[in-house]
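Notes to accompany the following structure.
The values are calculated or read from the model by the stated rules, or taken from the named source; none is laboratory data. Keep in mind it's a predicted model, so treat the numbers as computed, not measured. For neighbour counting, all protein chains shown are included, and Cβ atoms are generated from backbone atoms with ideal geometry for every residue, glycine included. For accessibility, only protein heavy atoms count, side chains too; no ligands or nucleic acids. Shrake-Rupley method; radii C 1.70, N 1.55, O 1.52, S 1.80 Å.
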Amino acid sequence: MAYFATVFRLWYKTEIKKMKLIQTINELRAELDVLRREGKTIGLVPTMGALHAGHASLVKRAVAENDVVVVSDFVNPTQFNDKNDLLKYPRTLDADCKLLEACGAAFVFAPSVEEIYPEPDTRQFSYAPLDTVMEGKYRPGHFNGVCQIVSKLFMYVQPDKAYFGEKDYQQIAVIRAMVADLKLPVNICPCPVIREESGLARSSRNTLLTEDERHIAANIYRVLKNSLPYAERHSVEETTQNVIEQINGIDGLEVEYYQIVDGNTLQPIANWTDADSVVGCITVYCGHRPIRLIDHIRYKG
Ligand code: PAF
């Protein structure tokens, strides 16, 4: 039985191999309603486009685990607290479609801003203290915007599973809180950070870095990794300060925050023994424009 199910799944994926670009919610719903009625499982990979190898790994995993995969490609304005950041965010839909088709996605959903927000979204999502620390503190309103768009995508697509990169560590925690709050029947699947050979975490924003800045930015993960043995002989406070000093000592890098937190609650810890899961989360500005980069390292758990 399992054999026939696998053969059917492979046949089905080949049949719908030609990926479809969809721009309206109605068309997306119509396509997915038919497939859902046929009993197909649906995976969703929400993205803001400018896709890279990190996204490709999410999509490939989604394709392996679901009958049908929808990738949303939408630069969501409500999650940008800085208008310049929104303006300079890279947009590469044609290249994205090529990559997605090669990865086996069935649909790319690339709506206009008016399609998603015909009226301003006034809904307020608050998952304190998860969303008030780190990104929540330095980018006020960011997670509200993320919850607005992700909740809409979950309503339109009604996925069985949704895939998010662990690079945005805090984002996954906030989305999980939203899913629990709204009792949404979707399984959140976190996927590991994909790195460039230099160690730099893959990010759409990397395309905004010059070649020199890319080399400089690789120091972020180098310093984070070196902090692992350092942490064995030093306190949380000393390790935090050491990471900040080392990165700020590199020309072209400036730390916005580095916080060592409980990996589940995301609250700062004072001692290594305060939590079973311990993660260090960092945001660094790189270069002259400058480009905001985030990363994290796991100390424990
Ligand atoms: O992680 C991202 O790219 C975005 O925050 C998301 C989840 C696609 C929502 O716009």
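DSSP bridge analysis restricted to the chain gives an antiparallel fraction near 50%, rounded to the nearest 5. According to the square roots a ≥ b ≥ c of the eigenvalues of the Cα gyration tensor, what is the shape class of segment 47-196, taking rounded for a/c under 1.5, prolate for a/b larger than b/c otherwise, and oblate for the remainder? Rounded is the answer for segment 47-196, as its axis ratio a/c remains below 1.5. Amide H to amide H, with H built 1.01 Å from N, residue 69 comes under 5 Å of 43, 106, 107, counting only residues 5 or more places away or on other chains.
If I take every Cα pair under 8 Å that is 6 or more residues apart in the chain, average their sequence separation and divide by the length, what percent do I get for the relative contact order? Walk me through the numbers on the way to the answer.
On the way: 495 pairs, mean separation 48.3, N = 301.
Here the relative contact order equals 16 percent.
Ligands, DNA and RNA are left out, and with a 1.4 angstrom probe the accessible area of the chain is 48 Å² per residue.
Considering only protein heavy atoms and a probe of 1.4 Å, how much of the accessible area of segment 191-301 is carbon and sulfur, as a whole percent? Mind dumping the intermediate values first?
On the way: 2530 of 5410 Å².
Here carbon and sulfur together make up 47 percent of the probe-accessible area.
Checking the a/c ratio against 1.5 first, then a/b against b/c, what shape does the Cα gyration tensor give for segment 125-204? Taking the square roots of the gyration eigenvalues as a ≥ b ≥ c, segment 125-204 is oblate. Of interest is the spacing of the C-alpha centroids, which for segment 111-187 and segment 237-252 amounts to 31 Å. Rolling a 1.4 Å probe across all protein chains gives residue 273 an accessible area of roughly 120 Å².
Inter-label distance, residue 230 to residue 102: 3.8 nm, where each label sits 7 Å from its Cα along the C-beta direction.
Counting only heavy atoms of the protein chains and using a 1.4 Å probe, residue 123 has close to 80 Å² of accessible surface. The slack between residue 21 and residue 182, meaning 0.36 nm per residue of separation minus the straight C-alpha distance, is 55.1 nm. Along segment 87-104 the Karplus relation, 6.51 cos²θ - 1.76 cosθ + 1.60 evaluated at θ = phi - 60°, assigns HN-Hα couplings of 5, 8, 4, x, 10, 9, 4, 4, 5, 4, 4, 4, 4, 5, 5, 5, 7, x Hz to successive residues, with x for each Gly and Pro. Ranking 288, 264, 240 by Cα position along the charge dipole of the chain, where only Lys, Arg, Asp and Glu carry charges on their C-beta atoms, puts 264 farthest toward the positive end. Residues whose amide H comes within less than 5 Å of that of residue 21, counting only those at least five positions distant or on another chain, are 108 (H built at 1.01 Å from N in the peptide plane). For segment 11-107, with all protein chains in place and a probe radius of 1.4 Å, 55% of the accessible heavy-atom surface sits on carbon or sulfur.
With charges set only on the Cβ (+1 for Lys and Arg, -1 for Asp and Glu), what does the dipole of the chain come to about its Cα centre, in debye to the nearest 20?
My answer is approximately 800 debye.
Enumerate the residues in segment 228-264 having an amide nitrogen under 11 Å from the point lying 7 Å beyond the Cα of residue 138 toward its Cβ. Flagged as within label range: 254-259. Scanning residues 5 or more positions from residue 250 or on other chains, none has an amide H under 5 Å from its amide H, with H placed 1.01 Å from N in the peptide plane.
With 32 Å as the limit, the listed pairs 20/300; 40/88; 88/167; 60/152; 20/167 have 20/300; 40/88 beyond it between alpha carbons.
Accessible area of residue 166 (1.4 Å probe, protein heavy atoms only, ligands and nucleic acids ignored): about 60 Å².
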